[in-house]
Amino acid sequence: MDLGNFSLSLSVKDLGASKAFYEKLGFAVIAGELTHNYLILANGPVKVGLFQGMFTGNILTFNPGWGPGGEPLAAFTDVREIQARLREQGVPIVTPADEASTGPAHVLIADPDGNVIMFDQHVPRPGSDD
């Protein structure tokens, strides 16, 4: 099952300070805005999302439909299909996606230790008109 582009989503206290820190490690902003309280940074294939005041704790994030540079892909495994496969495997869904929808959607699960994993699709379902 192709889960999509991976990033670590970090809950930060000061977005500007976190941005400056990760830039010193060679990361550059590829998406987001300070005024919207989030930034996505990349250093080669490694992605880190910085989110101020949007959630508690850190999240492992997969983005179905996005390539390594955040570009939309023509073909990918839709988040609703990932959700169905996880359910078939007996994985509890914390926050489900609406299976009847075709646009962007997300699904949340948690591993046995409570670490949150998000499948966050920003593009429409392949083949849809959304």
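Against the condition under 16 Å from the mean Cα position of the chain (by Cα), not in a strand (DSSP E or B) and not polar (S, T, N, Q), how does Pro68 come out, does it pass?
Details: under 16 Å from the mean Cα position of the chain (by Cα): yes; not in a strand (DSSP E or B): yes; not polar (S, T, N, Q): yes.
It is true that Pro68 is under 16 Å from the mean Cα position of the chain (by Cα), not in a strand (DSSP E or B) and not polar (S, T, N, Q).
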Exactly one of Ile40, Ile82 is crowded, with 18+ Cβ neighbours inside 10 Å, among the β-branched types (Val, Ile, Thr) and part of a helix (DSSP H, G or I), and that residue is Ile82
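Residue-wise test of (1) assigned to a strand (DSSP E or B); (2) touching a residue at least 12 places away in the same chain (Cβ under 8 Å); (3) not hydroxyl-bearing (Ser, Thr, Tyr).
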site: Ser101; (1), (2), (3): no, yes, no
site: Leu108; (1), (2), (3): yes, yes, yes
site: Gly114; (1), (2), (3): no, no, yes
site: Pro124; (1), (2), (3): no, yes, yes
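Looking at the stretch 3-21, can you tell me whether even one residue there is surrounded by 13 or more Cβ atoms within 10 Å (Cβ to Cβ), among the polar types (S, T, N, Q), part of a strand (DSSP E or B) and modelled with pLDDT under 95?
Taking the stretch 3-21 first, the residues surrounded by 13 or more Cβ atoms within 10 Å (Cβ to Cβ) are 3-12, 15, 18-19, 21.
Retained after the next criterion (residues that are among the polar types (S, T, N, Q)): 5, 7, 9, 11, 18.
Remaining after also requiring part of a strand (DSSP E or B): 5, 7, 9, 11.
Now restrict to residues that are modelled with pLDDT under 95: 5, 7.
Among the residues of the stretch 3-21, at least one is surrounded by 13 or more Cβ atoms within 10 Å (Cβ to Cβ), among the polar types (S, T, N, Q), part of a strand (DSSP E or B) and modelled with pLDDT under 95, which makes the answer yes.
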Quick count over the stretch 43-53, residues being under 16 Å from the mean Cα position of the chain (by Cα) and assigned to a strand (DSSP E or B), is 7
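Does any residue of the stretch 26-36 turn out to be in a strand (DSSP E or B) and over 17 Å from the mean Cα position of the chain (by Cα)?
Within the stretch 26-36, the first condition is being in a strand (DSSP E or B), and the residues that meet it are 28-33.
The next check asks that each one be over 17 Å from the mean Cα position of the chain (by Cα); those that pass are 28.
Within the stretch 26-36, one or more residues are in a strand (DSSP E or B) and over 17 Å from the mean Cα position of the chain (by Cα).
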Taking the stretch 22-37 and the residues there that are of a type outside the set (Val, Ile, Thr) and surrounded by 14 or more Cβ atoms within 10 Å (Cβ to Cβ), the one that is modelled with the lowest pLDDT would be Ala31
Taking the stretch 87-130 and keeping residues of a type in the set (A, V, I, L, M) and over 17 Å from the mean Cα position of the chain (by Cα) leaves Val91, Ala100
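The values are calculated or read from the model by the stated rules, or taken from the named source; none is laboratory data. Predicted model only: the values in this text are computed from it and were never measured. All Cβ positions, even for glycine, are placed from backbone atoms using ideal geometry, and neighbour counts span all protein chains on display.
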